[in-house]
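The structure under discussion appears below in the form of structure tokens.
The values are calculated or read from the model by the stated rules, or taken from the named source; none is laboratory data. Bear in mind the structure is a predicted one, so any value in this text is a computation, not a measurement. Glycine gets a Cβ as well: all are built from the backbone with ideal geometry, and neighbour counts include every protein chain shown. We work out accessible area using only protein heavy atoms, side chains counted, and drop any ligands, DNA or RNA first. Shrake-Rupley method; radii C 1.70, N 1.55, O 1.52, S 1.80 Å.
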Amino acid sequence: MSANNIAISVTDLHKSFGELKAVQGVSFQVQRGEIFSLLGPNGAGKTTTISILSTLLRPDQGDAQVMGHSIRRDPMQVKSVLGVVPQEIALYEDLTARENLDFWGKMYGLRGAALRQRVQEVLEIIGLADRANGRVGKFSGGMKRRVNIGVALLHKPQVIYMDEPTVGIDPQSRRNILDSVVALKNQGMTVLYTTHYMEEAQELSDHIAIMDRGKLIAGGTNAELVQLVGEQTRIDLTLTVEASRVLPIWRAVEGVAHVSAEDGRVTVLVADSNLVLPRLFESATRLAARITSVDIREPNLEAVFLHLTGRALRD
Amino acid sequence: MIRILDIASKDLLQLLRDPKTFMFLLIMPIAFTLLFGFAFGGFSGGASDTRLPVGFLDQDSSRLSKRLRDLFAESDIIRLNVTTRAPADLEELVAEGKLAGAIIVPNGYGRSLLVNKSARLTLIADKGTRATTTVEAEVIAVAGRLDSAVRTATIIEQTIGNRAPFQYALEQSLAAWKNPPIAVTETTSTIVKAEKKSNQSASLAHTSPGMMLQFAIAGLLTAAQIIVAERKSRSLQRLLTTATNRLHILLGHYLAIFTLIFSQFIALVLFGGLILRVDYARAPGAILIVAASAALCIAALGLLIGVLAKTDEQAVTFSLVPMFLLSGLGGAWVPLEVTGETFQTIGHLSPVAWAMDGFKNISIRGLGIESVALPALALLGYAGLFFALASWRFSTNEER
Ligand SMILES: Nc1ncnc2c1ncn2[C@@H]1O[C@H](COP(=O)(O)OP(=O)(O)OP(=O)(O)O)[C@@H](O)[C@H]1O
Ligand SMILES: [Mg+2]
């Protein structure tokens, strides 16, 4: 991997608040044009890390490069390539959506016609063009979140940080936001995303780092992380015939690791359900048995977190 | 740089949206000016001229003695009777009760003032009558005003270099207070009949700038709250993730607060001048200078409070203390002139006292534009101090 492909390179960051070690020795690299997620429970140190990377906080130790600029030596350069979506909604509630975007656009160095045009574009992207002149203070949580994100898009930054942008909002706004994150990536932006929802990390990310108590405890693609636990996809099935009749046959099916039966339900562990499931149906048909229900449980990051920390991701 | 303007106009937009702004900055001070003015008798008293007749003999005929005559002519207590009669005639008139007193400006009076010697007026009056006491007090006050204004002007001339004008001016004015610039000559005569009249506009002339400053300082709170709200809403932190310089953020807020307080001054000066007939119009340039430097000073204090306060409650607490301390100490409620020497000195630790001096030098004391130079310098000095503290604090603060 050449250095040119690296958007963010973090080396051994440390930050304490008094006695509390919020970030202790965090290092990772984000490639250009990818979505990289920091996944961790409350208090893991995600926001502290983001704050350091956006030069709001000075690290006690360590450094990071954002598009080649050091957060310690070139904070202004770092800021100029960045868009930051803070965890809390950081807007002026007594101003309208358009006035907010207008003001923030100016702070990002846009002026005149270019600014007006871009504000309009962003209003469309966040789906609030028809509410542009409403005061942000009167908006729903989801709408505020969208404006909060819109602000960071105004100057088309090369790198965008999004700190838990979907916390506490309705499913529809959430969908809109997740889709727009993918759209940003498709436009070539690099996205550093933090969340404590493993589904989001799983759905969006090219790479994921799992963070807990100020440290990164694992990192890689979703698939790589899942393999860490070595857990397989679990398929639960019910049939119109005795479970005991299919057991020996299914044990012989290629790709099946383990088959067991309990209370009339058959549990099959496989490496790849897409490959194995058709074969199970096929052999059932040959026995003149019908499968009446199928329940597939993919291995997930939840399990990974549990495996690594002994605690659940969400408390 | 242009971001300073962007931030200031954003702040002002927010402030104008807030009805509290108008309440605090315009309606309350106007209401209180009227209330206090009324309480102190600003609207009582009839139209007939009940001022005491006092003779005025100018043996000096200098620029300063003419200035003195003008000052007396504006008095609410003395009705000046300019004359060229001999002193002996005047004594007679006073003795007969036709005049409540007579002022003689001796030859050389103006020169003595300029070279900082104690220049003395002669007042012919009956000892021990109420009218004499009143006239005497007014003559001392008016002569004192001229004296201190001349000294102030002289000092400023001398200290345009790098000497500290504050200390020097303080000592000089203290010395002046110990040494009343008139000498009273006794006559034996019948009692002059004159009712002491309630002073028509002096109380409003005092109340108007007093309330103006009081509420400008109250404006601190509004201003400080913008900054606190910006931090609390995390917009400040977001602002710091954009390529906007910290100093520019601070200057933007400063400009907004200044604009607000300065416009408040202008509105209240207009109200005081046009409706209450406080004599601000005598020297509009000088009033503008005082208003601008007072606004710069108060805005810098508001900025400092906004930077220091972490919560709205703190902003309120931090604003209330200077609001009462500085206004009270600085004579916004009770004129410093009626207090003792020590209190006047202490009072001038408050920038409000300097602003009051500036306004009243024009509106009450009838002095010229040069009389606001020292107050303006003092106010700007405070402004610089407050701004420096605010920016030091703001730049060392870690925003999370
Ligand atoms: N300014 C601060 N002063 C003191 N402690 C802090 C400060 N900011 C964060 N912390 C502490 O540092 C730890 C990490 O906090 P951080 O906000 O980075 O976590 P997070 O992963 O973003 O959590 P969340 O999901 O709740 O946002 C927490 O224990 C938090 O209480
Ligand atoms: Mg957080």
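A few points about this structure:
- Some residue of the range A:103-114 being away from every other protein chain (no Cβ under 14 Å), assigned to a helix (DSSP H, G or I), of a type in the set (A, V, I, L, M) and open to solvent by 50 Å² or more (accessible area, probe 1.4 Å): yes
- Within the option set A:G142, A:G112, A:G127, A:G134, being in contact (Cβ under 8 Å) with a residue 40 or more places away in the chain and more than 16 Å from ligand 2 (Cβ to nearest atom) holds for one residue only, A:G127.
- Filtered residues of the range B:76-109 (kept if surrounded by fewer than 20 Cβ atoms within 10 Å (Cβ to Cβ) and among the small types (G, A, S)): B:A86, B:A88, B:A95, B:G97, B:G108
- Exactly one residue out of A:L38, A:L57 is in contact (Cβ under 8 Å) with a residue 40 or more places away in the chain, open to solvent by less than 10 Å² (accessible area, probe 1.4 Å) and within 8 Å of another protein chain (Cβ to nearest Cβ): that is A:L57.
- The set of residues in the range A:261-274 that are out of contact with any helix residue (DSSP H, G or I) (no Cβ under 8 Å at 6 or more places or on another chain) and open to solvent by less than 60 Å² (accessible area, probe 1.4 Å) comprises A:T267, A:L269, A:S273.
- B:E341 being touching a residue at least 24 places away in the same chain (Cβ under 8 Å), open to solvent by 30 Å² or more (accessible area, probe 1.4 Å), away from every other protein chain (no Cβ under 14 Å) and of a type in the set (D, E): yes
- Filter result (within 11 Å of another protein chain (Cβ to nearest Cβ), among the aliphatic types (A, V, I, L, M) and part of a helix (DSSP H, G or I)) within the range B:224-249: B:I226, B:A229, B:L236, B:L239, B:L240, B:I249
- All conditions but one from (1) among the acidic types (D, E); (2) away from chain B (no Cβ under 11 Å); (3) outside any helix (DSSP H, G or I) apply to A:D130; the one that does not is (3).
- Leading residue by the ranking (farthest from ligand 2 (Cβ to nearest atom)) among those in the range A:22-35 that are more than 14 Å from chain B (Cβ to nearest Cβ) and more than 23 Å from A:K185 (Cα to Cα): A:G25
- Checked against the criteria, B:G252 counts as within 14 Å of chain A (Cβ to nearest Cβ), touching a residue at least 60 places away in the same chain (Cβ under 8 Å) and open to solvent by less than 20 Å² (accessible area, probe 1.4 Å).
- Among residues that are within 16 Å of ligand 2 (Cβ to nearest atom) and in a loop (DSSP other than H, G, I, E, B), A:L57 is included.
- For the range A:30-44, the set of residues classified as farther than 12 Å from A:D206 by Cβ and in contact with a strand residue (DSSP E or B) (Cβ under 8 Å, 6 or more places away or on another chain) consists of A:L38, A:L39, A:G40, A:P41, A:A44, listed by residue number.
- Subset of the range B:17-37 (residues that are open to solvent by 20 Å² or more (accessible area, probe 1.4 Å), in a helix (DSSP H, G or I) and either small (G, A, S) or within 10 Å of another protein chain (Cβ to nearest Cβ) (or both)): B:R17, B:A31
- Close pairs from the range A:80-95: first assigned by TED's automatic domain parsing to the domain that holds A:S70, partner away from ligand 2 (no atom under 13 Å from the Cβ) and charged (D, E, K, R), Cβ under 6 Å, at least 6 apart: A:P86/B:R238; A:I89/A:K144; A:A90/B:R238; A:D94/B:R17
- Residue tally, condition over 11 Å from A:I35 (Cβ atoms) and open to solvent by less than 10 Å² (accessible area, probe 1.4 Å), over the range A:196-215: 4
- Look at (1) part of a helix (DSSP H, G or I); (2) open to solvent by 50 Å² or more (accessible area, probe 1.4 Å); (3) within 16 Å of ligand 1 (Cβ to nearest atom) and you find that A:T49 fails only one, number (2).
- So A:R234, is it under 30 Å from A:P41 (Cβ atoms) and buried (at least 16 other Cβ atoms within 10 Å of the Cβ): yes
- Scanning the range A:75-90 for residues that are in a helix (DSSP H, G or I), open to solvent by 50 Å² or more (accessible area, probe 1.4 Å) and at the interface with chain B (Cβ under 7 Å from one of its Cβ atoms) yields a total of 2.
- The condition (being on the phi < 0 side of the Ramachandran plot and touching a strand residue (DSSP E or B) at 6+ places or on another chain (Cβ under 8 Å)) is satisfied by just one residue among A:I208, A:I169, A:I177: A:I208.
- Selection within the range A:7-21: residues that are part of a strand (DSSP E or B), open to solvent by 10 Å² or more (accessible area, probe 1.4 Å) and farther than 23 Å from A:M189 by Cα. The member of this set that is farthest from the other protein chains (Cβ to nearest Cβ) is A:D12.
- Residues (surrounded by fewer than 21 Cβ atoms within 10 Å (Cβ to Cβ), free of Cβ contacts under 8 Å to residues at least 40 places away in the same chain and in a loop (DSSP other than H, G, I, E, B)) located in the range A:157-195: A:G168, A:I169, A:D170, A:Q187
- The lone criterion from (1) within 16 Å of ligand 1 (Cβ to nearest atom); (2) in contact with a strand residue (DSSP E or B) (Cβ under 6 Å, 6 or more places away or on another chain); (3) assigned to a loop (DSSP other than H, G, I, E, B) left unmet by A:A64 is number (3).
- Residues (under 30 Å from A:E224 (Cα atoms), touching a helix residue (DSSP H, G or I) at 6+ places or on another chain (Cβ under 8 Å) and open to solvent by 30 Å² or more (accessible area, probe 1.4 Å)) located in the range A:275-302: A:V294, A:I296, A:E298, A:N300, A:E302
- If the condition is being of a type in the set (K, R) and not in a loop (DSSP other than H, G, I, E, B), then the range A:213-259 contributes A:K215, A:R234, A:R245, A:R251.
- Extreme residue, least open to solvent (accessible area, probe 1.4 Å), among residues of the range A:140-155 that are within 14 Å of another protein chain (Cβ to nearest Cβ) and part of a loop (DSSP other than H, G, I, E, B): A:L154
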